[in-house]
């Protein structure tokens with residue numbers, strides 16, 4: 001009898017787990033140019049060859065419930081606007097998927113036939129017409145050998161190359177990597193990478209947490225006037241807002257990204273305010289702390305903290321505080337022959353620190369215009385020390 005009760009209990013537990021394995025897709029539908037919310041938009045998703053959908057509410061918010069973990073294609077329609085099709089939307093059982101949709105008005109001229117098409121090369125910045133590409137967080141994470149690094153992803157685009165695999169500096173049509181401009185939420189930043197050297201825009205490991213990224217632009221020429229300091233290329237990145245309805249926490253472990261924890265949730269559900277914080281610590285540093293031998297004494301250590309906190313809609317507009325705090329170091333040492341690469345002599349110590357903090361203010365003026373401004377602070381520090389050994393005199397030098 002006890003055996004039968006045990007079997008029934010296990011069956012009920014498995015059944016309950018299967019029932020709770022589904023998750024939601026939520027977000028906001030807005031006008032691409034005016035940033036106004038669009039109530040009544042139709043959101044459809046293909047589930048087992050059947051269309052499952054919902055409509056956005058008076059605030060433009062929508063929720064697709066009870067979606068099984070998988071990759072989906074979502075279609076968004078609204079009267080007077082072009083249909084938007086979003087491919088490869090990933091749904092996992094651990095957390096809700098946040099997907100904000102920006103729609104473009106469909107202007108029809110009755111005197112002629114207008115043929116339009118949605119292209120993946122269409123950028124978020126409507127002032128950009130050529131030599132630009134939009135990429136998403138999903139593309140960065142799926143790119144083979146990309147190491148969850150947007151810079152290594154774009155090195156695969158036409159006209160773009162990387163000098164070598166040890167750093168993520170990029171060369172665009174033969175221009176210097178120093179001339180590449182990085183932007184986060186509309187603010188220019190110096191170098192958002194670990195192990196960054198003075199006067200460069202790249203590093204060995206990206207300090208940008210891809211779990212905080214939303215769809216962003218990469219431009220290679222013909223920049224709009226707002227990118228006045230760029231001469232080679234532009235990374236125009238954006239941090240997404242956290243889940244404003246539900247608190248969620250994600251734990252990950254990767255060879256390059258290391259041990260990672262990300263948490264997000266609402267601050268005030270009434271006005272839609274939310275927070276999102278992500279912390280990463282190098283896997284090699286974790287192994288060294290635990291006493292695990294990884295095969296080398298030159299152990300890279302790096303960690304970073306990224307955050308994005310928005311106030312939601314208030315009378316004064318929407319305020320967003322964002323930033324990246326990162327530190328990295330590595331000590332390479334040799335023996336007594338003077339050969340650094342053979343690990344027989346010399347040495348090199350490198351450490352860097354990054355501090356990026358910004359405040360963005362967004363105010364909807366009317367149905368046709370809005371005001372957006374960003375102010376911030378950039379801090380970067382790099383320390384490099386070289387050690388040399390003279391075999392004839394057995395003297396050491398520091399430079």
Quiz item: Pulled fully out, how much extra length does the chain show between residue 363 and residue 107, if you take 0.36 nm times their separation in residues and subtract their Cα-Cα distance?
Solution: 89.6 nm
Practice problem: Report the full-extension gain for the segment residue 271 to residue 114: residue separation times 0.36 nm, less the Cα-Cα distance, to one decimal in nm. | Solution: 52.5 nm
Quiz item: Using the 10 angstrom Cβ neighbour count as an exposure proxy, how do 138, 226, 260 rank, fewest first?
Solution: 226, 138, 260
Exercise. Could you list the residues of the range 226-258 with an amide nitrogen less than 18 Å from a label point located 7 Å from the Cα of residue 286 in the Cα-to-C-beta direction?
Key: 249-258
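On full extension of the chain, what length is gained from residue 381 through residue 51, given 0.36 nm per residue of separation minus the C-alpha to C-alpha distance?
Working: separation 330, 0.36 × 330 = 118.80 nm, distance 5.32 nm.
Between residue 381 and residue 51, full extension yields an extra 113.5 nm.
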Quiz item: Among 286, 84, what is the fewest-to-most ranking by other Cβ atoms within 10 Å?
Solution: 286, 84
Quiz item: P(r) tail for the range 185-261, what percent of Cα pairs lie past 20 Å?
Solution: 47
Exercise. Give me 101, 43 ranked fewest to most by other Cβ atoms within 10 Å of their Cβ, as a rough exposure proxy.
Key: 101, 43
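Where a number appears in this text, it was derived from the coordinates with a stated rule and is not lab data. This one's a predicted model, so the numbers in the text were calculated from it and none came from an experiment. Glycine also receives a Cβ, built like all others from the backbone with ideal geometry; neighbour counts cover every protein chain displayed.
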